[in-house]
């Protein structure tokens with residue numbers, strides 16, 4: 001069995017925030033080996049394709065984030081698809097779409113899945129179109145800004161929520177200059193926020209996580225910016241969420257529909273916020289969520305799994321055997 005990953009090497013944290021640290025890589029490898037598999041670790045670098053072609057593993061457990069920006073998460077799955085090698089998780093198309101937040105929202109809108117209204121700014125001059133594009137409704141302030149193709153709250157800061165045109169232009173320019181990509185602008189949804197973890201291919205919805213921003217200091221933004229996610233995460237995670245059954249049912253239904261229309265496989269994490277009318281809106285879809293083993297780290301997908309009563313080995317096993325079943329691979333364990 002192959003095991004594909006990008007290892008965090010201690011360089012600038014934000015640029016490599018989605019790469020995995022050695023304890024996570026070792027924990028996954030140990031878990032895979034505990035099921036009786038010989039595991040071949042493969043760093044998802046520029047030599048990865050030749051490594052896969054040489055080793056020809058029967059299956060690859062994939063957590064690789066890829067290199068650069070753009071559709072980076074689809075790089076390893078695309079290589080494996082070319083070589084005809086089965087792998088865990090979503091295929092290259094789903095991963096590429098999910099990393100492009102605008103394309104994701106277009107698909108969700110087509111299937112009538114609630115998501116905040118949005119625009120894409122490719123240049124600062126485009127900000128003049130926030131209310132003037134023919135046939136599109138006016139975006140109302142406050143507006144929330146983030147890079148079009150990033151994860152782990154990269155590019156989301158205390159300045160991401162803007163309330164006027166001057167703030168809009170300044171932050172759009174900052175994001176474009178820093179991240180060399182377009183900016184997604186959304187109408188800000190100011191309700192309760194939840195994370196939904198899904199596993200398997202039916203899929204199974206795990207206990208809901210609520211991000212309780214009221215627990216943060218007064219001077220802290222009440223949204224999931226980079227600083228909050230990476231430095232204050234312990235203070236706001238509630239799992240299971242304190243939520244009534246009817247609302248939980250609505251959130252779970254939207255999450256499962258999102259999983260299915262985007263053709264997600266094996267695992268996924270979906271961020272949802274309630275609007276002023278209490279309607280769950282999909283904010284973000286992550287078909288390649290983090291699998292940090294330490295419960296103290298509050299890695300959200302494992303957090304939901306732990307709350308459901310799984311051990312870390314069981315988490316990895318559920319993902320692994322979901323893929324094995326999907327490919328109809330015959331194994332002895």
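Quick note: the coordinates plus some simple rules give every number you see, no bench work behind them. None of these values were measured; they are calculated from a predicted model. All Cβ positions, even for glycine, are placed from backbone atoms using ideal geometry, and neighbour counts span all protein chains on display.
Worth pointing out:
- Options 7, 74, 34, 92: the member that is within 15 Å of residue 290 (Cβ to Cβ) and touching a helix residue (DSSP H, G or I) at 6+ places or on another chain (Cβ under 7 Å): 7
- Note on region 155-171: residues that are touching a strand residue (DSSP E or B) at 6+ places or on another chain (Cβ under 7 Å) and under 23 Å from residue 98 (Cβ atoms) total 3.
- Counting the residues of region 178-215 that are touching a strand residue (DSSP E or B) at 6+ places or on another chain (Cβ under 9 Å) and in a helix (DSSP H, G or I) gives 4.
- Residues in region 159-197 that are surrounded by fewer than 19 Cβ atoms within 10 Å (Cβ to Cβ) and more than 24 Å from the chain's Cα centre (by Cα): 163, 164, 165, 166, 167, 169, 170, 173.
- Exclusive hit being assigned to a loop (DSSP other than H, G, I, E, B), surrounded by fewer than 16 Cβ atoms within 10 Å (Cβ to Cβ), touching a residue at least 40 places away in the same chain (Cβ under 8 Å) and touching a helix residue (DSSP H, G or I) at 6+ places or on another chain (Cβ under 8 Å), set 113, 67: 67
- Conditions (1) outside any loop (DSSP other than H, G, I, E, B); (2) over 23 Å from residue 27 (Cα atoms): number failed by residue 329: (1)
- Some residue of region 300-319 being within 13 Å of the chain's Cα centre (by Cα), closer than 29 Å to residue 187 by Cβ and surrounded by fewer than 21 Cβ atoms within 10 Å (Cβ to Cβ): no
- The single residue among 171, 73 that is without any contact (Cβ under 8 Å) to a residue 60 or more places away in the chain and part of a helix (DSSP H, G or I) turns out to be 171.
- If you go through region 138-168 and keep only what is within 26 Å of residue 287 (Cβ to Cβ) and without any contact (Cβ under 8 Å) to a residue 40 or more places away in the chain, you end up with just 147.
- Of all residues making up region 76-96, the number that are assigned to a helix (DSSP H, G or I), in contact (Cβ under 8 Å) with a residue 40 or more places away in the chain and surrounded by fewer than 22 Cβ atoms within 10 Å (Cβ to Cβ): 1
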